[in-house]
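Derivation of every value follows stated rules applied to the coordinates shown; laboratory data play no part. Note that the coordinates shown come from a computational prediction; the quantities given were computed from them, not determined experimentally. So basically every Cβ, Gly included, is an ideal-geometry build from the backbone, and we count neighbours across all protein chains shown.
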Amino acid sequence: MIQTRLNQGMTLVKGGRLLHQYVVDVFTAIKEDWLRWARNNQDVLRAELNSNVLDAVRKGDTDAKIIGQRFILPPSFTGGPLYLVEKYHDAMTICREYGNSDLFITMTANPNWREIKEHLDRYGGDSPSDRPDIECRVFKMKLDELLKDFKKELPSSHTQQLSTE
């Protein structure tokens with residue numbers, strides 16, 4: 001819906017700040033649907049293994065208004081604490097296996113990148129801040145290129161030169 005297509009109208013894309021609101025509304029609707037699925041499929045998520053109600057009764061919380069209706073979020077839900085704990089454990093496992101990292105690299109998007117300017121000039125001259133979809137796609141391309149450069153093997157002559165310096 002938010003990609004530039006030459007054979008279709010670009011009313012949504014040309015909406016400026018309304019495009020931002022549309023993207024936020026769609027994202028919120030998707031997250032709400034995912035949370036509704038998690039709440040309605042607790043048996044699929046093995047929520048019966050969690051004994052929250054029994055724990056509450058043992059503590060003496062017998063008033064249903066205090067207990068509330070709780071449901072368990074799956075670890076795949078990116079906004080949940082289980083997801084964060086899982087990612088933390090993954091990072092610690094990587095550090096244990098390969099050692100601590102030597103570099104911490106941060107990459108940010110630049111709205112003045114040539115690719116962004118060319119696209120905006122070609123398709124209507126919007127402001128880069130009005131087209132977060134273009135910025136995100138160009139950022140992803142640049143990030144992939146950076147990772148490819150990191151993973152590229154140096155020729156043996158370069159590695160010998162680096163080891164002697």
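Using alpha carbons only, how many angstrom separate the centre of the range 78-140 from the centre of the range 1-34?
20 Å
Order of I94, I116, I134 from fewest to most other C-beta atoms within 10 Å?
With the sparsest Cβ surroundings first, the list reads I94, I116, I134.
Quick one: of K14/K117; K117/K140; K117/K142; K31/K142, which pairs are farther than 22 Å apart, Cα to Cα? Write down the numbers at each step before the final one.
Details: K14/K117 16 Å; K117/K140 16 Å; K117/K142 15 Å; K31/K142 28 Å.
Over 22 Å Cα-Cα: K31/K142.
With Cβ to Cβ distances under 13 Å as the rule, what net charge do the other residues near P128 carry (K, R +1; D, E -1)? Write out the running numbers ahead of the final one.
On the way: positive: R114, K117, R131, R137; negative: E115, E118, D121, D126, D130, D133, E135.
Result for the local shell: -3.
At N110 and S127, where each label point lies 7 Å from the Cα along Cα→Cβ, what is the point-to-point distance in nanometres?
So the label points at N110 and S127 sit 2.1 nm apart.
Tell me, L19, L12 in order of fewest to most beta-carbon neighbours within 10 Å?
So the ranking, lowest neighbour count to highest, is L12, L19.
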